[in-house]
Amino acid sequence: MRLVWQVLAVVAVVAAGGQCAVAVQDNPWLSLLVGGLTVALSLYVYRWVVGRAEQRPVTELAPEGARGALLRGLAVGVVMFGCVIANIAFLGDYDVHGYGSLTGAIGLAGFMAGAAVTEELMFRGLLFRLVERGLGTYLSLVLSAVVFGAMHLFNKDATVVGALAIAIEAGGMLAAAYAATRSLWLPIGLHFGWNFAESGIFGTAVSGNGDTHGLLDASTSGAAWVTGGEFGPEASVYAVVFGALMTVAFLWLAHRRGHIVPRRRAERADALATLAR
């Protein structure tokens, strides 16, 4: 029952923050403010509810090393998306028409920060972490990635291909990043860096949510498998390839650090619990 309450509490904050962000998305300064408040409130509620429900220090949000992990994740996310755009541009399918909007980019920073934090708390901090206890790291990664991808089917220009791409390149990669570090700071930074580069810098659509107004006024054209079509570059084959490679790299690092939870350990724990009854 405690686990149910902690999930409901975090989901309630996420839903409220999301509604407020949508309501003020046309005002960049309010969007920045609401995004910052959503980040602060979400982190507080997660720490408080998970700490009380599980009776433990919330080490996945430990302040030690948080800044460095966030910055590393931010750098990886921006560079990754930059590589995706560079490949699309190399084929002549990404065109920059001029400068976009600085205030638009500022508003997107707030919106994307709120989205990155709330989604990581929900999908990696709760879903992946809790399911991993029973199914182990690999099955939990697959399950949480599928759910994460399916969530994007509700977006404006969503496609099944786009949702599948999100599941592979983001759902898998971000869960693997958490497994490698046992901290949410790296996946939060990575998530924000990727999304902000996609919208706030390069001015492309994010996960089928329509046009954005970032630092560059740009557009994509050409084959959907290259550009991602109306869903945005996240449905591009390049995004899937880079995301899959990073997933493998993070899982290798998790294995090297001894952070992989095998299924048999979870089964053994269940068996011992049964005998204890």
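The values are calculated or read from the model by the stated rules, or taken from the named source; none is laboratory data. Only a predicted model underlies this, so the values are computations on that prediction, with no experimental measurement involved. Heads up, the Cβs are rebuilt from the backbone with ideal geometry, glycines too, and the neighbour counts pull from every protein chain shown.
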Does at least one position in segment 149-172 carry a residue that is crowded, with 21+ Cβ neighbours inside 10 Å and among the aromatic types (Phe, Trp, Tyr)? no
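Sort through 49, 14 and tell me the only one that's closer than 22 Å to residue 111 by Cα, in contact with a helix residue (DSSP H, G or I) (Cβ under 9 Å, 6 or more places away or on another chain), surrounded by 15 or more Cβ atoms within 10 Å (Cβ to Cβ) and at pLDDT below 90.
Working: 49 fails: closer than 22 Å to residue 111 by Cα.
Only one candidate qualifies: 14.
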Do you know which residues across segment 182-234 are part of a helix (DSSP H, G or I) and over 15 Å from the mean Cα position of the chain (by Cα)? 200, 201, 224, 225, 226, 227, 229, 230, 231, 233
Can you list residue pairs whose Cβ atoms sit under 6 Å apart, with the first residue in segment 218-241 being within 16 Å of residue 195 (Cα to Cα) and in contact (Cβ under 8 Å) with a residue 24 or more places away in the chain and the second being buried (at least 17 other Cβ atoms within 10 Å of the Cβ) and among the basic types (Lys, Arg)? Count only pairs 6 or more apart in sequence or on different chains. none
State all residues of segment 62-90 that are touching a residue at least 24 places away in the same chain (Cβ under 8 Å), of a type in the set (Gly, Ala, Ser) and either at negative phi or part of a helix (DSSP H, G or I) (or both); if no residue qualifies, say none. 62, 66, 69, 73, 75, 77, 82
Of the residues in segment 91-105 that are part of a helix (DSSP H, G or I) and buried (at least 18 other Cβ atoms within 10 Å of the Cβ), the one that is nearest to the chain's Cα centre (by Cα) is 105
Tally, over segment 125-163, of residues that are in contact with a His (Cβ under 9 Å, 6 or more places away or on another chain) and either part of a helix (DSSP H, G or I) or of a type in the set (Asp, Glu) (or both): 3
Kindly indicate whether any position in segment 179-188 is buried (at least 24 other Cβ atoms within 10 Å of the Cβ), out of contact with any strand residue (DSSP E or B) (no Cβ under 6 Å at 6 or more places or on another chain), over 16 Å from residue 259 (Cβ atoms) and in contact (Cβ under 8 Å) with a residue 12 or more places away in the chain. yes
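Could you say which residue among 263, 268, 256, 277 is farther than 18 Å from residue 96 by Cβ and at pLDDT 95 or above? So that I can check it myself, show each step before the final result.
Numbers: 263 fails: at pLDDT 95 or above; 268 fails: at pLDDT 95 or above; 277 fails: at pLDDT 95 or above.
Only one candidate passes the filter, namely 256.
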